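Just so you know, all these numbers are worked out from the coordinates, no wet-lab data involved. Every value quoted in this text rests on a predicted model; they were computed, and no experiment measured them. With ideal geometry, Cβ positions are generated from the backbone for all residues, glycine too; neighbour counts draw on all protein chains shown.
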Amino acid sequence: MSFELRRVILFTGNLEAMAAFYGGVLGLAVVSREDGWIEYDAGPCRIALHKGKSALGTKPPKLVFYAPDVEAARALLVERGVKMGKVLDTGAFKMCDFKDPDGNSLQISGRV
């Protein structure tokens, strides 16, 4: 048996702002919508927003989105009003960190 990550659920008390961010700013397509639940197509793994309180651990997960051109992806998100970190170049790939409206850590990465 093998396990594949297919869905990440983010609990949020701010469903409207999170929906505007994931659907509007990041441009992810809605796959399903129910009362208190919105699920987005994010490639092989879906992102679901679930209305409810969130209690982050001491080192919460980071959602990483692949982009072949990190600088271009960063520029697009800046145009859409996202506060972005600097592009870091590891020598093997580039990456750039940012946060969603609830403060969850996100990253654009050129790592395949």
Check your understanding: Which shape class, rounded, prolate or oblate, goes with the stretch 60-112 when its Cα gyration tensor gives a ≥ b ≥ c as root eigenvalues, a/c under 1.5 marks rounded, and past that a/b bigger than b/c marks prolate?
Key -> oblate
Study note, to complete from the structure: As straight-line cross-link partners of LYS86, the qualifying aspartates and glutamates (C-alpha separation under 15 Å, not fewer than 8 residues apart within one chain) are ASP69, GLU71, ASP97
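Rounding to the nearest 20 debye, state how big the charge dipole of the chain is about its Cα centre with +1 on each Lys and Arg Cβ and -1 on each Asp and Glu Cβ.
Dipole magnitude for the chain comes out near 300 debye.
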Point to revise | Sorted peptide list for 31-38, 17-24, criterion being average Cβ within 10 angstrom, highest first | key: 17-24, 31-38
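Sort LEU88, LEU76 so that the residue with the fewest other Cβ atoms within 10 Å of its own Cβ comes first and the one with the most comes last.
Listed from fewest to most nearby Cβ atoms, that is LEU88, LEU76.
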Practice item. With a ≥ b ≥ c taken as the square roots of the eigenvalues of the C-alpha gyration tensor of the chain, please select rounded if a/c is under 1.5 and otherwise prolate if a/b is larger than b/c or oblate if it is not? Key: prolate
Exercise for review: Select from VAL25, GLY43, LEU10 the residue farthest towards the positive end of the dipole of the stretch 1-53; place +1 on Cβ of Lys and Arg, -1 on Cβ of Asp and Glu, and compute about the Cα centre.
Suggested key: LEU10
